[in-house]
Amino acid sequence: MGQILQGKPVALALSQQLKERVADMRRQGKTPRLAIVRLGEAPDDIAYEKSAIKCCRDHEVDVQSIVLPAGTGEEQLLAHLQAVNDDKQTDGCLLLKPLPPGIRESKAAEALAPQKDVDGITPGSLAHLCGLDIAGFPPCTAQACLEILDHYQIDAAGKRAVIIGRSLVVGKPLAMLLLARNATVTVCHSKTKDLPAVVREADIVVAAMGRARLLGAEYFRPGQIVLDVGINFDDQGKMCGDVDFAQVEPIVAAITPVPGGVGAVTNRVLLKHVVDAAQRVLG
Ligand code: NAP
C-alpha cells in the first residue's frame, strides 16, 4: 500500500508559519494585501475568489476584490492592472483566468508587475523560474507540488521526474522547479510515444493532463512517488484526478489523493507568495 500524501497537513504547517510571519509584519506596521481581479461571473472564478478571500481573512491578510463586467475591454483591464501596480498598499495581484474572449492573456500578463505577480503569469515570473535574477513567483499549483515534497521530506535531487502535461500553469513551471532541485526532468504531452514506458521509468511522476483516471496500473511500478494535479469529474460527477487511484495506490510508494492532495495546498501557496511580496517591500 502506498503512503497517502494528504494535502491538509501541508496546508496546516504552511498556515502556522504564515500566521507567525503576518503577526510579525503587523507588529512592524505592515499588513500584506492581495488584490483579486475578476472579469465576469464565471462560477469557477467566484468559487476560487471566495476560497482565496477566506484564506486571506483567516490569516489576517488584507484582500480586495476588483470585479469588472464580462464585457470589459482589454485597454480597461490593462488600466486596472496598472492601478494595482501603482498602489503601494497592494503587495500581490491574482488575475482570475481564463479571461473572456477578446482579451489577450499575454497582454494582461505583460501589464502586471512581476513583483506583484503572486500566481506566476508574467514574462518576468517565467524568467525568474528559468533562473534569471528577476523578481517573480512560480505559479501556485506548481509550487504546491514542491511544498508537498518538502513536507514529506522527499528529496528530488538525482531522481528521474516525469511530468505529464506542458501547460504554462503546471507542467512547464514545475519542470523548471524540479530541475532547480536537481531532478532529471522529462516533460510528456499528447504526442509522447509509449507514455506508459516513459512514466514507468520515473522516480517521481507528476500528472497534470486533465484526463479523468487515464493513468492506470500499466503506467506504474513499485517505489514511485506520484503527485496527481488533475482535477476532473467522472461520469457520475465525482471529482477525481488523472491517476486511477484505486488501481495505482497499491503499487506505488506514495501518492496524493484527489480531492485532498495538491489542490488543498494551492491557496496557502498563494498566501505565502503575498506574504513574500510584502516582505520584499518591508526589506
Ligand atoms: P491544459 O492546459 O489543458 O494542459 C494539459 C496538458 O496535458 C497538455 O500539455 C496536453 O498535451 C497534456 N495531455 C492531455 N491529454 C494527454 C494525454 N492523453 N497524454 C499525454 N498528455 C496529455 O491543463 P492545465 O491547466 O495544465 O491543467 C491540468 C490539470 O490540472 C487539469 O485537470 C486542471 O484542472 C488541473 N489543475 C489543478 C490545479 C490544482 O490546484 N490542483 C490547478 C490548476 C490546474 P498537449 O500540450 O500536447 O496538448
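In table form, for the structure just shown:
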item: Lone unmet requirement of (1) of a type in the set (D, E, K, R); (2) out of contact with any strand residue (DSSP E or B) (no Cβ under 9 Å at 6 or more places or on another chain); (3) more than 14 Å from the ligand (Cβ to nearest atom) for K159; result: (2)
item: First in segment 211-227 and without any contact (Cβ under 8 Å) to a residue 40 or more places away in the chain and within 13 Å of A197 (Cβ to Cβ), second anywhere and of a type in the set (K, R) and not in a loop (DSSP other than H, G, I, E, B), Cβ under 9 Å, 6 or more apart; result: E218/R200; Y219/R200; F220/R200; R221/R200
item: Selection from segment 118-147 of residues that are more than 13 Å from the ligand (Cβ to nearest atom) and among the acidic types (D, E); result: D133
item: Residue ID - nearest to the ligand (Cβ to nearest atom), chosen from residues in segment 215-247 that are surrounded by fewer than 24 Cβ atoms within 10 Å (Cβ to Cβ) and hydrophobic (A, V, I, L, M, F, W, C); result: I231
item: Exclusive hit being in contact with an Asp or Glu (Cβ under 8 Å, 6 or more places away or on another chain) and of a type in the set (K, R), set R221, R211; result: R211
item: Of residues in segment 174-199 being charged (D, E, K, R) and without any contact (Cβ under 8 Å) to a residue 24 or more places away in the chain, the one nearest to V243 (Cα to Cα); result: D194
item: All positions within segment 172-185 that are within 11 Å of the ligand (Cβ to nearest atom) and surrounded by fewer than 21 Cβ atoms within 10 Å (Cβ to Cβ); result: K172
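Rule-based calculations on the coordinates, nothing more; no lab input. All values reported here derive from a predicted model rather than from experimental measurement. For neighbour counting, all protein chains shown are included, and Cβ atoms are generated from backbone atoms with ideal geometry for every residue, glycine included.
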